[in-house]
Each structure stands twice: as C-alpha cells, then as structure tokens.
Amino acid sequence: MVSKAIAKYIRISPTKVRPVMKLVKGDNANIAFVKLGLINKKGAGLLTKVLKSAVANAKVKGYEEATLFISKIIANPGPVLKRSRSASFGRASMIRKRTSHILIELDTSLKLIEGVKVR
C-alpha cells in the first residue's frame with residue numbers, strides 16, 4: 001500500500017457504488033479516471049473524488065501517477081438515517097436513507113520479484 005483515501009458518510013447506498021467499483025478495481029489510476037468519467041452514475045463521481053485524493057496522497061510521498069494502480073477498493077455501509085412517511089389508516093412506514101464509507105488503496109505497479117514484473 002502506497003497511499004489510501006477514505007470518504008465517510010457519503011449519502012449513497014453501498015449497493016449502488018459496488019458495481020462501479022468492480023469496473024475500476026485493479027486498473028491503473030489514469031485509466032480509472034477515464035473509465036469513471038465515462039460512467040453515467042452518481043457513484044462514479046464520488047469514486048473520482050476519492051481516487052483524486054488517494055493519488056494526491058501518493059504524490060506527496062513522492063510517487064508518480066503513472067505507476068499507481070488501485071489495489072483495494074471497498075464500500076462499507078455507514079449509519080442509516082431513519083425517516084418516516086405517513087401511510088394509510090394512520091400508520092407510518094420507515095424510509096431508510098443509507099450511507100457508505102468508501103476506501104481506496106493505491107500501490108505501485110513496479111514491484112519486481114525475481115526479475116518478473118508483478119502487479
């Protein structure tokens with residue numbers, strides 16, 4: 001792990017973010033930015049922000065953006081905001097507004113093990 005970035009309490013369900021995450025897991029950081037720019041979903045924009053933060057953290061440590069790839073990407077559930085909506089016969093039904101915590105870890109793709117380039 002070269003660097004990581006965490007975005008907490010994001011107002012989107014983790015189940016909506018995970019399909020977008022599967023598309024960019026294991027990709028180079030530059031390729032991931034292009035893919036996320038082409039996806040028309042709210043989760044893509046949120047993942048772009050977190051990825052930019054992780055890349056900036058790696059640049060502070062002295063790594064180049066071209067050598068970074070996404071080694072770990074996770075969307076965990078956060079706290080649920082519970083709201084109620086009136087229903088028929090004087091009842092109330094629950095509305096669950098879900099949140100998520102998004103974690104992105106970057107690593108370098110220039111790991112050499114016994115002269116063989118390994119991701």
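Quick note: the coordinates plus some simple rules give every number you see, no bench work behind them. Note that the coordinates shown come from a computational prediction; the quantities given were computed from them, not determined experimentally. Every residue, glycine among them, receives a Cβ derived from its backbone with ideal geometry; neighbour counts consider all protein chains shown.
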Degrees between helix 29-38 axis and first principal axis of the chain (Cα, 0 to 90, nearest 10): 40 degrees
Just the Kirkwood number for region 4-44, please: inverse of mean 1/r across all distinct Cα pairs, in Å, one decimal. 11.0 Å
Two pseudo-spin positions, 7 Å from Cα along C-beta at T67 and at S84, lie apart in nanometres by 5.8 nm
Calculate one ³J(HN,Hα) per residue across region 15-23 by plugging θ = phi - 60° into the Karplus curve 6.51 cos²θ - 1.76 cosθ + 1.60, and present them in order as whole Hz with x for glycine and proline. 5, 7, 8, 4, x, 6, 5, 4, 6
The chain, relative contact order [Cα under 8 Å, separation at least 6], %: 38 percent
Quick check on the exposure proxy: order T15, T99 from fewest to most C-beta atoms within 10 angstrom. T15, T99
The value for region 3-118 (convex hull of the alpha-carbon atoms, volume per residue, Å³) is 106 Å³
Spelling out what I want: for every residue of region 70-85, take phi, set θ = phi - 60°, compute 6.51 cos²θ - 1.76 cosθ + 1.60 (Karplus), and round to whole Hz; glycine and proline get x. 7, 8, 8, 9, 9, 10, 9, x, x, x, 9, 7, 9, 10, 10, 10
